[in-house]
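Below is one structure, written out as structure tokens; the observations come after it.
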Amino acid sequence: MKFVPCLLSLVFLSHNVVISQSFPYEFSVLSDPYYDLTAPISISNADVWDDPFYITSTGFEVTIFDLVTNTLGIIQPGAQVINLNEANPDSVNLLVPYMSDIMNASDTIAVSPISYQLEGPPGNAVFKLEWKNAGFYGEWNASNTYYNTTNFQLWIYQNTGVIEFRYGPN
């Protein structure tokens, strides 16, 4: 019986914490077509990756929540992106374009590149980060197969600060 009051207290406190924080983004749903990157630069460098840690530069300064950075980290479980701000290393903001434990879709060869591409002129550039043909750890752990894969991208626009998650064929 103590569980219910504790649960209600936790929900109330969580609600108050979320309400009191400022959230500087709006959410929109668009249905633009998905295209693979045309000239990707590999971050995963032909690794057979699972729970990666890679660092890349956006090529320009971007504000993610309230921190300005030009360096992003790709961390486990495979699709989390953090800002790496040397001026304030204790503050981390997290972007999660895909909430699943993903991995390279092969045990022996690299078939799931993590890549980026910078498009557009300075001041109007778009940083595009792509996970291509990523497999699912849960499927591999349960059946040692990679029948299901996913493709998705994180786009950051230099001139507006807009952040987009784009999802491709699975």
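Throughout, read-outs are computed from the coordinates displayed, never taken from laboratory work. Every value quoted in this text rests on a predicted model; they were computed, and no experiment measured them. Neighbour counts run over all protein chains shown; Cβ positions are idealised from the backbone, glycine included.
Listed values, structure above:
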{"quantity": "Tyr147-Glu61 FRET efficiency (beta carbon distance; Förster radius 41 Å; 0.05 resolution)", "calculated": "0.50"}
{"quantity": "Mean Cα-pair separation over length for the stretch 29-170, i.e. relative contact order, pairs under 8 Å, 6 or more apart, %", "calculated": "21"}
{"quantity": "Ordering of 39-50, 65-76, 128-139, 149-160 by packing [mean C-beta count within 10 Å, highest first]", "calculated": "128-139, 149-160, 65-76, 39-50"}
{"quantity": "Stokes-Einstein translational diffusion, the stretch 101-170 - Kirkwood Rh over all Cα pairs, 1.567 mPa s, 4 °C, in µm²/s", "calculated": "97"}
